[in-house]
Amino acid sequence: MLELQRLDVGSVVALVGHPIHVMMVHFPIAFVMATLGVDIFYWWSGDAFWVRVGLWSAGIAFWTGVAASIVGIAELLLVPGIRALEASWSHAVAAMTLVAIAGANWGLRLIDPGEVLTHGLALSALAAAMTGFAGWHGGKLVFDHGVGVLVSEKS
């Protein structure tokens, strides 16, 4: 256990001392939750406006999730102290699953907007639940292990 505590868990992918992954994850989280809200508004109102908003929201959730994932994977691969933590791998798997669900949600809306009330709403709810799971493990990394709080002395 003491050896794990000695491992560097500081960020190496940072901008002016601020870890980039930590800055980026807010966008996919916000747009995943917004997509669920938009789907509920569409279910409630039946206004086709919400279908168009949901298409954009789901697309932005997916692409910002891809961007945040690229930076997160870089951190995971470049920092041995992060790789040594079990929560890092749980967070990575949950986040990649979330990106896949967000991509499926966006793809469904691109191909068949009429499926928003059945499959789209279900994918949005699943994505929101997976956001909570991935966020829980991300929070464990930050608050329990200090990952991404400081910039690595090695960078």
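The values are calculated or read from the model by the stated rules, or taken from the named source; none is laboratory data. Keep in mind that this is a model prediction, so the values were computed, not measured. The accessibility values were calculated without ligands, DNA or RNA, using every heavy atom of the protein model including side chains. Shrake-Rupley method; radii C 1.70, N 1.55, O 1.52, S 1.80 Å.
Couple of notes before you dig in:
- Accessible solvent surface per residue of the chain, calculated while the other protein chains remain in place, 1.4 angstrom probe, Å²: 57 Å²
- Computed over the chain, the ratio Rg/Rh where both radii use C-alpha atoms and Rh is Kirkwood: 1.07
- Angle between the chain longest axis and helix 26-45 axis [Cα atoms, degrees, rounded to 10]: 20 degrees
- Within the stretch 88-133, the proportion of Cα pairs with more than 14 Å between them is 48 percent.
- Surface composition of the stretch 39-83: carbon and sulfur atoms hold 78% of the protein heavy-atom accessible area at a 1.4 Å probe.
- Kirkwood hydrodynamic radius over Cα pairs of the stretch 65-155, then Stokes diffusion coefficient at 37 °C and 0.692 mPa s, in µm²/s: 229 µm²/s
- In the chain, the DSSP-assigned H stretches of four residues or longer account for a calculated mean residue ellipticity at 222 nm of -23000 deg cm²/dmol, using -39500 (n - 2.57) per stretch and the full residue count as denominator.
- Relative to the longest principal axis of the Cα atoms of the chain, the long axis of helix 86-111 makes an angle of roughly 20 degrees.
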